[in-house]
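Below you'll find the structure, written out as structure tokens, and then a few comments.
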Amino acid sequence: MISTHGVTSNGATNGTRTRGRVRGNTVTLAHGGGGKAMHDLIDDVFLEAFDQSLAPLEDQARFQLADLALHGDRLAFTTDSYVVKPLDFPGGNIGKLAICGTINDLAVGGAIPLYLSCAVIVEEGLPIDTLRQVAHTMAVTARDAGVKVVTGDTKVVERGACDKLFINTSGVGVIRTGINLGIDHAQVGDVILVNGLLGDHGAAILNARGDMALTTPIESDCAALHTLIDTLLAAVPETRFLRDATRGGLATVLNEIAEASQVGIEIVEECTPIRAEVKGFCEILGLDPLYLANEGKLVCVVPGAHAKTALAALKSHPLGTGAAIIGDVTEHRAGRVVMKTVFGGRRIVDMLVGEQLPRIC
Amino acid sequence: MKYVDEFRDPEKAQFLLKEIRRLVPEIRQGRKRPISIMEVCGGHTHAIFRYGVETMLPDGIELVHGPGCPVCVLPMGRVDDCVALANMPGMLFTTFGDAMRVPGSKGSLLQAKANGADVRMVYSPLDALKIARENPSRQVVFFALGFETTMPSTALTVLRAEREKVKNFSLFCNHITIIPTIKAILDSPDLQLDGFLGPGHVSMVIGNTSYQFIADHYKRPLVVAGFEPLDILHALWMVLKQLAEGRSEIENQYNRVVPDGGNSVALDAIGRVFELREFFEWRGLGSIDHSGVRVREEYASFDAERRFSVPALKIADPKSCQCGEVLKGVIKPWDCKVFGRDCTPETPLGALMVSSEGACAAYYQYGDIEKIHDTRSERQLEEIV
């Protein structure tokens, strides 16, 4: 593995070299060969975007343990791979997803996200400009979120061996002292909150694939949630559990909580915020919005006594204006999630077996 | 959502439920068996579970989830034919999404895709035709299935393909018709049904008059129903009212969509492209006369069964499955020997566990598990006693 860029302990540069420039318009296998073409690509696309110094490239990023310890008392480490089709979609692209997703995976553990890695697998033939755009988005998203991309890797594979561009990001963060969140911490009497409209990302991606030719623009909710989580944890440090409802949507997260904490969860359809366009989209396709992916939605479990404080804290943040209390934790039917429907009936909200497939009629 | 939320109004539901609660004991006077009403259509089954309609009904009335999920009633042999077609060199096989998971004897289309077959999910047969136009060097087969609901769009696609002289497009036709199937259910000796909710979308195409024999000959009421939860409650109430008044008539609850005479343009397209098969094999129900259609001779070049050699082997349903009895309402899904044990949505043995419209999958996914366990233990107790 070749690391694209390392930082020294104090972030200062300790040498300079001349920045390489990439030639041609598309990525070829030569760009993955380890030679000059690859170094040029890394310099020109990634180091340029991430605004990294031209320090000699090390194989790893290095941190002072003492600096990390200033933020809290435990290290959080996570990884996620991003494969999305299409690469660009309303509300973001694969690069924004790769940064926000990993930040969120750290933040929901109560960690302050600090450093990310970025490894890309590129299919030969990808326009250099596409890669440049993705790298630029990643850099901007990371900068806005106050995290640093400190190490990376580039591989180029033959046409057909991957679909245009796959990205893996890993992240390191530090968990605040005194915060202890856990999926098995939910207790009877707790309430469930979300920070806004559900299902936007899933619907945006399906819509962006163009099969449906719907004119309604639905934008992905892709966002880094760590500052929202800061606000919530500052207001309600007793928070039991947080998770971003990505693949599998709200329904999957709730099932995981019910299973791990051996409690029942009852949500109220009427209180569950879903955009009319997303509802309509799901009606047409026969999908259930509870299972649609989100990339900027947080499921929170807090003690019932703190429900109002938690809701107010979420609502005070720009990413939480649509926050709502959607249900509570019950002793009835441990391990099960039940929804009181708008119609007044009750139904079980189970885990999906596979992918949601559109119904025929 | 406009024109949707109005049909999910809980207050109106309470009013209907009050009426239903009043009628049920009145009808049941002097009989032990609960009132048993079949919703024929899988779309109804889905809505009933999705909104928890069944959990709102009083004791003494049971819903039987009928054969109207086209994905569920597809026999294994036909799925095997799909897989065989999809595996042909250069073939581009197109299908509706929920048909991809249906198990054949040699796996599903989803597995065939994973093994390298080019299987693509489409939302309409016109999407498949578009793919054919875009890939002139390849054969594109559309897996046509469904009742009269989806038949017109397939027929119109064939007519368009002919007009546009698309040479590389054909259908693997598995369309089925609802009337012979309802008749087969009514003729079964173990029938215990008191009335029907008629399929709204099918009726939009074929109209209401075709159901008249159910009222006249079999003396059962049928009410054509829409797919919103209020539609379903409303139609249930209409069936119960008929039962209470000793009537058996064909009524139309879904008259905002269903014209009595059906849709003549759609019927005309169906008639031009398709003709009845002598019989068609149903999963769980066996062979039913005149229950399927095939492509007419004039459009033979759009018929994948004529263009390609498909194995067309008959594969018997797994012996342990009791899908047929569930479909006819003789037993409840959880009474089946393999329900939730060998047969689950992850590893469906029977067809009813495959699609979210299938009665077994619906119970497994949305159903009242505790109730199922209670009923089971009662049954096991009875067996012991």
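Matching residues to (1) of a type outside the set (S, T, Y); (2) buried (at least 20 other Cβ atoms within 10 Å of the Cβ):
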position: B:E249; (1), (2): yes, no
position: B:S264; (1), (2): no, no
position: B:F279; (1), (2): yes, no
position: B:W282; (1), (2): yes, yes
- prompt: For the range B:177-196, which residues satisfy the criterion of being part of a loop (DSSP other than H, G, I, E, B) and under 16 Å from B:L276 (Cβ atoms)?
  reply: B:T177
query: Does A:T341 satisfy the condition of being assigned by TED's automatic domain parsing to the domain that holds A:G248, over 30 Å from B:K18 (Cα atoms) and hydroxyl-bearing (S, T, Y)?
result: no
message: Quick test of your reading of the structure: A:V120 fulfils all but one of (1) touching a Phe, Trp or Tyr at 6+ places or on another chain (Cβ under 6 Å); (2) not in a helix (DSSP H, G or I). Name the failing condition by number.
response: (1)
- prompt: Does the range B:272-287 contain at least one residue that is at pLDDT 95 or above and aliphatic (A, V, I, L, M)?
  reply: yes
query: Picking from B:G198, B:G207, which residue would you name as being small (G, A, S), buried (at least 23 other Cβ atoms within 10 Å of the Cβ) and in contact (Cβ under 8 Å) with a residue 24 or more places away in the chain?
result: B:G198
- prompt: Only one of these conditions is not met by A:P127: (1) surrounded by 21 or more Cβ atoms within 10 Å (Cβ to Cβ); (2) modelled with pLDDT of 95 or more; (3) not β-branched (V, I, T). Which number is it?
  reply: (1)
query: Give me the pairs: first residue in the range B:132-156 and within 11 Å of chain A (Cβ to nearest Cβ), second residue among the small types (G, A, S) and not in a strand (DSSP E or B), beta-carbon distance under 7 Å, and six or more apart or on different chains, which are they?
result: B:F143/B:A99; B:L145/B:A99; B:S153/B:S124
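One line per residue, one yes/no per condition, for (1) in contact with a strand residue (DSSP E or B) (Cβ under 7 Å, 6 or more places away or on another chain); (2) over 30 Å from A:P237 (Cα atoms); (3) facing another protein chain (nearest Cβ under 9 Å):
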position: A:F281; (1), (2), (3): no, yes, no
position: A:K297; (1), (2), (3): yes, no, no
position: A:H317; (1), (2), (3): no, no, no
position: A:G322; (1), (2), (3): no, no, no
position: A:R333; (1), (2), (3): yes, no, yes
position: A:I348; (1), (2), (3): yes, yes, yes
position: A:V353; (1), (2), (3): no, yes, yes
- prompt: All but one of (1) modelled with pLDDT under 95; (2) out of contact with any Cys (no Cβ under 6 Å at 6 or more places or on another chain); (3) closer than 30 Å to A:L29 by Cβ; (4) surrounded by 18 or more Cβ atoms within 10 Å (Cβ to Cβ) hold for A:I167; which doesn't?
  reply: (1)
statement: For the range A:203-215, pairs from a residue that is farther than 16 Å from A:A276 by Cα and within 12 Å of chain B (Cβ to nearest Cβ) to a residue that is modelled with pLDDT of 70 or more and in a loop (DSSP other than H, G, I, E, B), with Cβ under 7 Å and 6 or more apart or across chains, are A:R209/A:K85; A:R209/A:P86; A:D211/B:Y123; A:M212/B:Y123
- prompt: If you go through the range B:263-300, how many residues are among the hydroxyl-bearing types (S, T, Y) and under 14 Å from B:A184 (Cα atoms)?
  reply: 2
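Would a scan of the range A:38-50 turn up a residue that is outside the structural domain of A:N294 (by TED's automatic domain parsing) and closer than 19 Å to A:L228 by Cα?
So far as the range A:38-50 goes, no, none of its residues is outside the structural domain of A:N294 (by TED's automatic domain parsing) and closer than 19 Å to A:L228 by Cα.
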Looking only at the range B:329-359, and only at residues there that are of a type in the set (V, I, T) and over 28 Å from B:F96 (Cα atoms), the one that is farthest from the other protein chains (Cβ to nearest Cβ): B:V330
task: Give, as residue ranges, the helices (runs of 4 or more DSSP H) completely inside the range B:46-118 that count at least 2 residues that are at pLDDT below 90 and within 14 Å of chain A (Cβ to nearest Cβ).
output: B:53-56
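Based on this model, can you work out whether B:F15 counts as on the phi < 0 side of the Ramachandran plot, aromatic (F, W, Y) and crowded, with 21+ Cβ neighbours inside 10 Å?
no
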field: Yes/no for B:V310 being of a type in the set (V, I, T) and not assigned by TED's automatic domain parsing to the domain that holds B:V73
entry: no
- request: State all residues of the range B:92-101 that are surrounded by fewer than 24 Cβ atoms within 10 Å (Cβ to Cβ) and in contact (Cβ under 8 Å) with a residue 60 or more places away in the chain; if no residue qualifies, say none.
  value: B:R101
message: Against the conditions (1) in contact with a strand residue (DSSP E or B) (Cβ under 6 Å, 6 or more places away or on another chain); (2) away from every other protein chain (no Cβ under 14 Å); (3) surrounded by 23 or more Cβ atoms within 10 Å (Cβ to Cβ); (4) not basic (K, R), where does A:D328 fall short? Just the number, please.
response: (3)
query: Which of the residues that make up the range B:168-193 are modelled with pLDDT under 90, surrounded by fewer than 17 Cβ atoms within 10 Å (Cβ to Cβ) and either closer than 15 Å to B:C41 by Cα or acidic (D, E) (or both)?
result: B:D190
message: Go through (1) assigned to a loop (DSSP other than H, G, I, E, B); (2) buried (at least 18 other Cβ atoms within 10 Å of the Cβ); (3) among the polar types (S, T, N, Q) for A:T151 and report which single condition fails.
response: (1)
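The values are calculated or read from the model by the stated rules, or taken from the named source; none is laboratory data. Keep in mind that this is a model prediction, so the values were computed, not measured. Heads up, the Cβs are rebuilt from the backbone with ideal geometry, glycines too, and the neighbour counts pull from every protein chain shown.
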